[in-house]
1. Test residue 107 against the criterion of being in contact (Cβ under 8 Å) with a residue 40 or more places away in the chain and in contact with a helix residue (DSSP H, G or I) (Cβ under 8 Å, 6 or more places away or on another chain), and give yes or no.
2. Restricting attention to segment 77-108, report how many residues are over 14 Å from residue 127 (Cβ atoms) and buried (at least 21 other Cβ atoms within 10 Å of the Cβ).
3. List the pairs whose first member sits in segment 142-167 and is surrounded by 13 or more Cβ atoms within 10 Å (Cβ to Cβ), whose second member is assigned to a helix (DSSP H, G or I), and whose Cβ atoms are under 9 Å apart, counting only residues at least 6 apart or on separate chains?
4. Can you spot a residue in segment 109-120 that is assigned to a strand (DSSP E or B), at positive phi and surrounded by 13 or more Cβ atoms within 10 Å (Cβ to Cβ)?
5. Mind listing whichever residues of segment 26-58 are assigned to a strand (DSSP E or B) and within 22 Å of the chain's Cα centre (by Cα)?
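Each reported figure results from applying straightforward, stated rules to the coordinates on display, with no laboratory input. Just so you know, these numbers come straight off a predicted model, no measurement behind them. So basically every Cβ, Gly included, is an ideal-geometry build from the backbone, and we count neighbours across all protein chains shown.
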């Protein structure tokens, strides 16, 4: 039995969910998102909550039960509050700034890195050493943050690079003389 799948997903005030076959569409103040579930689960909306139940007792049905419930909860969270990833830049001369829809990064290369903001995601740089990625799609927000971090991952000796806020970087000791 899935402990996650058993719990219904409550719909917040101002959020509506429509089910059409195996596709659920959630509308909220921040936008609209949809998800198509597999045939192993059944979706239902009742009492301002979405419930997910498995069809049968196969292993795949039980796996999809918890997964589908988590995906529906992420849809509801995305259209109500949205998702956010914060990055911080450490290193002498490393900085970021927004120029229109382009994030301009100076990361110690011979050239500046220009990162175009994809649709559905908002990138802001409130300080030169901070980057905030926001959006309603959790997967897209995480992927954009990972793509930005990929330009200069934190190195283990001085800790220079782009890291997630609160991330602990394993530090190595330098050479001994």
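1. Judged against the criteria, residue 107 is not a match.
2. Count: 3.
3. Hits for this filter: 161/149; 162/148; 162/149; 162/150; 163/149; 164/145; 164/149.
4. No - not one qualifying residue is present in segment 109-120.
5. 26, 27, 28, 31, 32, 33, 34, 35, 36, 50 - these are the residues of segment 26-58 that are assigned to a strand (DSSP E or B) and within 22 Å of the chain's Cα centre (by Cα).
Conditions tested, residue by residue: (1) free of Cβ contacts under 8 Å to residues at least 24 places away in the same chain; (2) not in a helix (DSSP H, G or I).
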site: 62; (1), (2): no, no
site: 66; (1), (2): no, no
site: 69; (1), (2): no, no
site: 72; (1), (2): no, no
site: 77; (1), (2): no, no
site: 87; (1), (2): no, yes
site: 93; (1), (2): yes, yes
site: 97; (1), (2): no, yes
